[in-house]
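Dumping the structure here so I can ask a few things about it.
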Number of protein chains: 2
Amino acid sequence: MNYILKDENAIYYECGYSSDNALYLKCGSEAFFITDSRYTVEAEEKVRGASVVTAANLIAAARKILKKEKIKKLSFDPKEWSVQAFEALSAKRDIHFRKIPDLSHKKRIIKRDDELKIIAEAARLGRKAFKALEKEISRNGFGEDEFRLTYMAKSILGNYGAYDLSFDPIVAIGANAAKPHALPTSKKLKKGDLLLVDAGLKYKRYCSDRTRTVYAEKNFHFTTEQHFKSRKIQKAYDTVLKAHDRAIAKARSGMKAKEIDALARNVIEKAGFGKYFIHSTGHGVGLDIHEMPYISKRSKTVIEDGMVYTIEPGIYIPGHFGIRIEDMVTMVSGRAVVL
Amino acid sequence: MNYILKDENAIYYECGYSSDNALYLKCGSEAFFITDSRYTVEAEEKVRGASVVTAANLIAAARKILKKEKIKKLSFDPKEWSVQAFEALSAKRDIHFRKIPDLSHKKRIIKRDDELKIIAEAARLGRKAFKALEKEISRNGFGEDEFRLTYMAKSILGNYGAYDLSFDPIVAIGANAAKPHALPTSKKLKKGDLLLVDAGLKYKRYCSDRTRTVYAEKNFHFTTEQHFKSRKIQKAYDTVLKAHDRAIAKARSGMKAKEIDALARNVIEKAGFGKYFIHSTGHGVGLDIHEMPYISKRSKTVIEDGMVYTIEPGIYIPGHFGIRIEDMVTMVSGRAVVL
């Protein structure tokens with residue numbers, strides 16, 4: 001299959017290097033990494049299995065290669081290309097373009113052993129960062145607002161500049177946690193608050209992802225054992241934890257993703273919180289923070305050994321509180337192993 | 001003109017609110033803000049001059065409105081829409097779609113007075129942050145690597161979580177500064193190094209942008225008066241500063257952007273560094289860090305009062321050093337005023 005890639009992580013996956021202005025072109029047994037002169041030196045050092053081509057106009061350079069190689073069919077991801085960029089690529093109409101949504105994500109759905117090692121290390125560092133963050137918040141976080149708490153999470157997850165983050169951490173107090181993608185506010189952390197932290201870091205470009213919801217008191221821990229004063233919150237918390245644990249315990253290779261979603265969702269529905277679980281049970285994690293497989297109500301993707309995804313059920317009561325517990329798992333010998 | 005917008009800042013500009021999953025549709029005198037249920041409550045509070053529509057499938061909701069309003073012509077930005085999203089929007093082929101690249105950026109090129117006030121405040125806060133950063137690096141930065149220095153810049157520009165950043169700061173030492181878009185490395189700052197810092201913050205969603213290159217010694221300052229031990233570096237520095245000052249002093253409303261580019265570029269070319277000035281003289285700044293007008297060799301955009309852009313000439317000697325000096329200006333009564 002001949003194909004062309006534009007996304008930075010998609011290109012990195014193919015040849016071990018990328019830049020913020022690059023194209024990757026696979027033509028039969030040949031491959032080309034096209035970038036501008038700012039990146040030539042690094043590209044020539046680091047690109048594996050592809051010829052480095054330097055050009056001011058990357059798309060024009062790609063077209064030139066396509067012509068020279070007499071390519072008649074080329075696959076691309078219609079999510080990756082803007083209308084304008086694709087028009088520049090396809091202007092001559094001498095090539096049949098085949099749309100493959102998620103072309104690169106599909107290739108990346110089963111992780112190689114070397115990728116699994118890196119992801120496991122990312123997860124370990126993420127876990128370690130949560131340990132450091134619980135200490136920091138316990139000591140210096142009470143009385144601080146979500147902006148400052150988010151800054152603490154960024155500092156510690158990034159190990160003060162050593163790592164990039166998988167995404168901007170979510171640090172939400174009480175009712176703010178009821179928004180799954182809460183943005184920070186000036187709400188301040190008090191003892192006895194519910195505190196939700198969803199954060200991850202990148203290790204060798206691969207993402208970690210983790211969420212804990214805790215009863216914030218002096219010397220709290222980001223473990224899954226939490227005791228809330230409110231019985232209503234505790235009931236919701238126990239339900240989310242049960243859904244989380246059950247999905248991990250019962251997930252099997254060979255299941256469809258929607259069956260794994262149902263493992264968690266059924267617990268929450270049976271407890272009467274069904275309408276408050278307003279997102280999917282999980283998503284794949286790798287070079288991108290969201291990739292395949294998607295553990296959703298409708299996904300028919302068959303789960304296989306070597307896939308990596310999150311299990312993150314949640315209950316969100318608008319105006320009151322939100323709870324989410326998230327871990328990353330990988331499938332090994334048919335079962336889900338927490339990373 | 002009827003048009004549809006997808007970009008978060010483009011939508012914010014129209015109605016004073018946006019979310020990471022929204023569309024804005026302008027049909028004659030009516031306007032619609034379409035988002036999913038996570039954002040309905042906030043949208044209804046904050047959207048001005050548009051009806052809030054909640055939908056799971058935003059594009060389907062837009063099509064429904066287009067049909068109901070009997071819209072036959074609709075403009076869109078082909079850079080903003082992926083091939084896939086645009087196909088979903090245009091599948092019925094009952095509407096004539098007009099491509100306007102940079103549709104929103106074109107509308108935003110001249111800033112309103114209220115925007116100018118916000119941008120001036122963003123620039124002031126950015127300047128203030130550089131003052132704080134010079135102190136912090138002077139005290140704690142020597143012996144630290146670019147990762148840690150970048151973290152310091154992020155912390156201080158963001159005022160420890162209070163502000164978002166315009167972009168990831170560039171903090172580059174010596175030869176690393178020769179890459180205009182340098183990524184941090186483990187190179188450590190020593191006394192007597194050349195240090196380049198390019199950083200900005202967001203205030204009420206508007207960006208600041210500023211670059212200084214300094215001779216890093218105890219109690220250095222991010223001013224434009226710098227004394228390097230190397231005569232070669234000093235010559236390049238003086239040339240960049242002269243180019244920067246001349247462009248600001250001689251820029252006039254009514255000039256084409258390429259004439260302003262030439263004001264800086266000619267100084268650098270005359271000094272014999274022409275081939276080491278490898279980018280444009282500047283770019284517009286607003287809700288996006290890069291917007292119109294582009295102060296480039298080829299831009300015929302006529303500069304007008306109320307535009308905001310950077311003047312940032314540079315000289316980059318590969319493997320040796322890089323110098324860039326950047327300020328934001330706005331055109332007032334025909335002249336460039338530094339923000």
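Using only the alpha carbons, work out the radius of gyration and Dmax of segment B:284-323 in angstrom.
13.3, 40
Further, regarding this structure: How big, in percent, is the set of alpha carbon pairs in segment A:218-274 lying more than 19 Å apart?
Result for the distance tail: 38 percent.
Divide, for the protein assembly as shown, the radius of gyration over alpha carbons by 2.2 N^0.38 Å, where N is the residue count.
1.00
Okay, next question. Residues of segment B:123-150 with accessible area at least 20 Å² lower in the all-protein-chain context than alone (1.4 Å probe)?
Checking the loss per residue gives B:Phe147, B:Arg148.
What order, most packed first, do the peptides B:105-114, B:145-154, B:274-283 have when packing is the mean number of other Cβ atoms within 10 Å of each residue?
B:145-154, B:274-283, B:105-114
Something else about it: What is the local net charge at A:Asp209, summed over the other residues whose Cβ is closer than 10 Å to its Cβ (Lys, Arg +1; Asp, Glu -1)?
Residues close to A:Asp209 contribute a combined charge of -3.
Which one of B:Lys99, B:Lys135, B:Lys190 has the biggest mean-square fluctuation once chain B is modelled by GNM with Cα springs under 10 Å?
B:Lys99
Keeping all protein chains in place, calculate the accessible area per residue for the protein assembly as shown (probe 1.4 angstrom), answer in Å².
Computed with neighbouring chains in place, this is 45 Å² per residue.
If you don't mind, another one. With a ≥ b ≥ c taken as the square roots of the eigenvalues of the C-alpha gyration tensor of segment A:113-338, please select rounded if a/c is under 1.5 and otherwise prolate if a/b is larger than b/c or oblate if it is not?
oblate
Which value in deg cm²/dmol, rounded to the nearest 500, describes the helix-derived mean residue ellipticity at 222 nm for chain B, given -39,500 (n - 2.57) per DSSP H run of n ≥ 4 and division by the residue count?
After summing the helix terms and dividing by residue count, I get -10500 deg cm²/dmol.
Give me the inter-chain shielding for A:79-88: mean count of other chain Cβ atoms within 10 Å, whole number please.
Mean partner-chain Cβ count within 10 Å for A:79-88: 6.
Please report, in Å, the Rg and the Dmax of segment B:3-107, where both are computed over Cα atoms only.
Taking only Cα atoms of segment B:3-107, I get Rg and Dmax of 12.6, 35 Å.
Before we go on, tell me the buried accessible area for the B/A pair, both chains summed, 1.4 Å probe, in Å² to the nearest 100.
Separately minus together, B and A give about 2100 Å² buried.
Using a 10 angstrom cutoff on alpha carbons, build the Gaussian network for chain B and name the most mobile of B:Glu80, B:Glu115, B:Glu42.
Looking only at B:Glu80, B:Glu115, B:Glu42, the largest GNM fluctuation is found for B:Glu42.
Once the Cα atoms of helix A:146-157 and of chain A are each reduced to a long axis, what angle between those two axes, in degrees from 0 to 90 to the nearest 10, is obtained?
Roughly 60 degrees, rounded to the nearest 10.
Just tell me how shielded A:37-45 is by partners: mean number of partner chain Cβ atoms within 10 Å of each residue's Cβ, no decimals.
2
For segment A:224-339, what number results from the quotient of the Cα radius of gyration and 2.2 N^0.38 Å?
The value comes to 1.03.
Sticking with this structure for a sec: Taking all protein chains as present, what is the carbon and sulfur share of the accessible area of the protein assembly as shown, in % to the nearest whole number, probe 1.4 Å?
About 49 percent, which is the carbon plus sulfur part of the accessible surface.
Using per-residue counts of other Cβ atoms within 10 Å, averaged over each peptide, order A:83-91, A:226-234 from highest down.
A:83-91, A:226-234
Given H placed on each backbone N at 1.01 Å, which residues far from A:Ser166 in sequence or on other chains put an amide H within less than 5 Å of it?
Residues meeting the criterion, in which the H sits 1.01 Å from N, are A:Gly200, A:Leu201, A:Lys202, A:Ser208.
Let me ask something additional. Segment A:155-191: which residues show an accessible-area loss of 30 Å² or more, assembly versus chain alone, 1.4 Å probe?
The answer is A:Tyr160, A:Gly161, A:Lys179, A:His181.
The values are calculated or read from the model by the stated rules, or taken from the named source; none is laboratory data. Being a predicted model, the structure only gives us computed values, none of them experimental. Counting neighbours? That spans all protein chains shown, and the Cβs are built from the backbone with ideal geometry, glycine included. Accessible surface is based on the protein model in full, side chains and every heavy atom, while ligands, DNA and RNA are left aside. Shrake-Rupley method; radii C 1.70, N 1.55, O 1.52, S 1.80 Å.
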